[in-house]
1. Provide the FRET efficiency to the nearest 0.05 for the Lys212-Asp113 pair, computing r from the beta carbons and using R0 = 45 Å.
2. Just to be sure I understand the model, the point goes 7 Å from the Cα along the line to the Cβ. What's the resulting Arg178 to Asp204 distance in nm?
3. Taking only DSSP H segments of four or more residues, each worth -39500 (n - 2.57), what value at 222 nm results for the chain once the sum is divided by all its residues, to the nearest 500 deg cm²/dmol?
4. With a cut-off of 8 Å between alpha carbons and a minimum separation of six or more residues, what is the relative contact order of the chain in percent?
5. So between Asp100 and Asp22, what do we pick up on full extension, going 0.36 nm a residue minus the alpha carbon distance?
6. Report the trypsin sites (Lys or Arg not before Pro) located in region 128-162 that are in a DSSP loop and have at most 12 other Cβ atoms inside 10 Å of their Cβ, or state none.
7. When Rg is the radius of gyration of the Cα atoms in the chain and Rh is its Kirkwood radius, what does Rg/Rh come to?
8. Run the numbers for Thr63 and Lys136: contour at 0.36 nm per residue of separation, minus the present Cα-Cα distance, in nm.
Amino acid sequence: MIITVDGPAAAGKGTLSQKLADKYGLAYFDTGMVYRAVGLRMLLNNCDLNNVEVAEKEAENLTFVSMIELSKNKDFRSARGGEAASIVSSYSGVRARLLDMQKNFAKNPTFADGTPAKGVIYDGRDTGTVICPNAKIKFFITASPEVRAKRRYDEFIAKGMDAQYDVVLSDVKKRDERDANRKDAPMKPADDAIILDTSDMGIDDVFNEAVKVIEGKI
Ligand code: DC
């Protein structure tokens with residue numbers, strides 16, 4: 001079984017995806033990681049994030065294993081890391097080079113410890129449209145920019161990171177704008193996606209709603 005969870009930054013895709021993966025015993029692929037890994041590699045090497053050729057080279061060389069290694073770095077999930085990911089993910093050449101790694105995961109899905117899984121939850125804004133257009137179940141999770149900024153801000157604070165709500169909100173809006181104007185990964189739901197606006201919903205409500213949809217389809 002393949003389920004995709006698309007939507008804008010900080011809409012709650014990750015939390016929902018992980019809970020669904022646990023419930024249905026599926027592997028979880030957070031596709032934002034591929035862009036975070038390329039962006040972080042460039043930050044660590046002091047590369048100019050506007051250098052498309054270097055970004056493409058980093059994408060070309062990225063392996064699943066090196067991505068997991070990079071994900072242990074403290075900047076992987078930081079605001080700086082997110083900004084770098086957002087910039088490199090806007091390059092078509094970078095996206096093209098990271099496509100196979102993402103698609104191939106569904107052919108042989110595994111859990112973090114390497115054991116095989118019977119399916120995948122893909123989390124990421126183009127997973128239902130580009131990575132897995134044939135997925136059986138597709139969600140598009142969204143929420144207002146203010147609600148998403150508050151969630152991201154709370155996440156940073158809970159992790160003991162420095163954050164200011166106004167800065168996080170302006171980052172979310174900036175990212176939305178950059179992500180919306182992307183030709184090869186438009187920020188829009190797949191035609192057959194179920195749209196969930198989570199602005200006024202807690203995570204349990206979102207989860208229960210998603211489970212209802214899945215149970216209706218399997
Ligand atoms: O979900 P995230 O915050 O980890 O994503 C980081 C950036 O990566 C985000 O700004 C957009 C990009 N991204 C993308 O373009 N396509 C995906 N499937 C996942 C993430």
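1. Working: r = 30 Å, r/R0 = 0.68.
E between Lys212 and Asp113, to the nearest 0.05, is 0.90.
2. Output for this residue pair reads 3.7 nm.
3. On the way: 9 runs with 111 residues, N = 218.
Calculated mean residue ellipticity at 222 nm is -16000 deg cm²/dmol.
4. On the way: 330 pairs, mean separation 71.8, N = 218.
The normalised contact order for the chain reaches 33 percent.
5. Taking Asp100 through Asp22 to full extension adds about 25.6 nm, to one decimal.
6. In loop regions of region 128-162 (DSSP not H, G, I, E or B), the sparsely surrounded trypsin sites (Lys or Arg not before Pro) are Lys159.
7. Answer for the chain: 0.94.
8. Net length gain for the segment: 23.6 nm.
Coordinate-derived values only; no laboratory data. Since the model is a prediction, treat every value here as computed from it, not as a measurement. Quick reminder, even Gly has a Cβ in these numbers, built from the backbone with ideal geometry, and neighbours come from all protein chains shown.
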